[in-house]
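Worksheet: one structure, shown below.
The numbers here are math on the coordinates, done by the rules we state, and not lab data. None of the values given here were measured: they were computed from a predicted structure. We place every Cβ from the backbone using ideal geometry, glycine too, and count neighbours over all the protein chains shown.
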Amino acid sequence: MKGKRIAVLEARLGRQLAALVEGRGGVPFHAPALAEVPDLDAAAIAALVQSLEARPAKLAIFQTGVGTQALFTATDGLGITPRFLDLLERTTVAARGPKPTGALRARKVRIDRSAADPYTTQEVLAAIGEMPLKGERVIVQRYGTANTELDAALAARGAEMVEIPTYRWSLPQDRAPLASLVGELERGAIDAAVFTNAEQARNLLAVAREMKRAEEVKRALNRLVVASIGPVASAALREAGIEVRVEARPPKLGALLSALEAAFR
């Protein structure tokens, strides 16, 4: 990776990822492509816990660590965490990967079903298996956007879904770094781009469209090494017509950078 210019689109862990790139001899170009905006309604959560006490859920699906932590922070503030934990004791709990697993274990929540690597919706559904859900309530801790695939699969099985929004994704308030990246891509000054979230690809192209440079950016990306954290991000890139040359296995930052190094070698 020595001397290679690497576009880093990660926001929350962007500085750490850029430092990891530098540690491997690369030159990071940090252009955060995503903002996480809190989307918690404390009153709605209080009402949900009350309604679950009257009519419990059969299944609770936790999709992200950040969202799970935010949910418990909200119940802490409302003083209803013990009641919520009691409800989870009587519910089948499913976790989508190590991050929600860690957040749940920190609260001593029993985890009944765990999605396998690479932790996509397909693995979540496989972990749930043939559990009968017709007419049953299912809690879904939503992440940055609605998981339409999961929602459709649960609805097809007759489940009554209760979504808990915790945060939503949006474009960053400061779009100047992304606009600069568009220019760098067009000039051929970037050797690789690292995508750690599907929304990063969509947001980069949204900014490029605002600049009327979307097709130019797609062509530029297809000339360099595009690295993806996993199948969900890869699917978003391919849907946009961008070739994914590197995909992390397992979907972690260390594996992603090692795969990128191997691609350059």
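Overview of values
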item: Ranking of 123, 216 by count of other Cβ atoms within 10 Å, fewest first; result: 216, 123
item: Acute angle (nearest 10 degrees) that the helix 198-210 long axis makes with the longest principal axis of the chain, alpha-carbon atoms; result: 50 degrees
item: Residue order, fewest to most beta carbons within 10 Å, for 196, 121; result: 121, 196
item: Residue order, fewest to most beta carbons within 10 Å, for 73, 64; result: 73, 64
item: Other-chain or far-sequence residues with amide H under 5 Å of residue 164's (modelled H); result: 140, 141, 142
item: Stokes-Einstein D (µm²/s) once Rh is taken as the Kirkwood radius of the chain over alpha-carbon pairs, at 4 °C in 1.567 mPa s; result: 66 µm²/s
item: Three-way shape call for region 38-169 based on the alpha-carbon gyration tensor, with the a/c threshold at 1.5; result: rounded
item: Sparse-neighbourhood loop sites, trypsin sites (Lys or Arg not before Pro) in region 43-101 - DSSP loop, at most 13 other Cβ within 10 angstrom; result: 90
item: Whole-angstrom gap from region 89-154 to region 1-43, using each part's C-alpha centre; result: 27 Å
item: Formal net charge of residues neighbouring residue 51 (Cβ-Cβ distance under 15 Å; K, R +1; D, E -1); result: -1
item: Rough spin-label spacing in nm, given labels placed 7 Å along Cα→Cβ, for residue 12 and residue 146; result: 2.2 nm
item: GluC sites (Glu not before Pro) lying in DSSP loop within region 1-110, provided at most 15 other Cβ fall within 10 Å; result: none
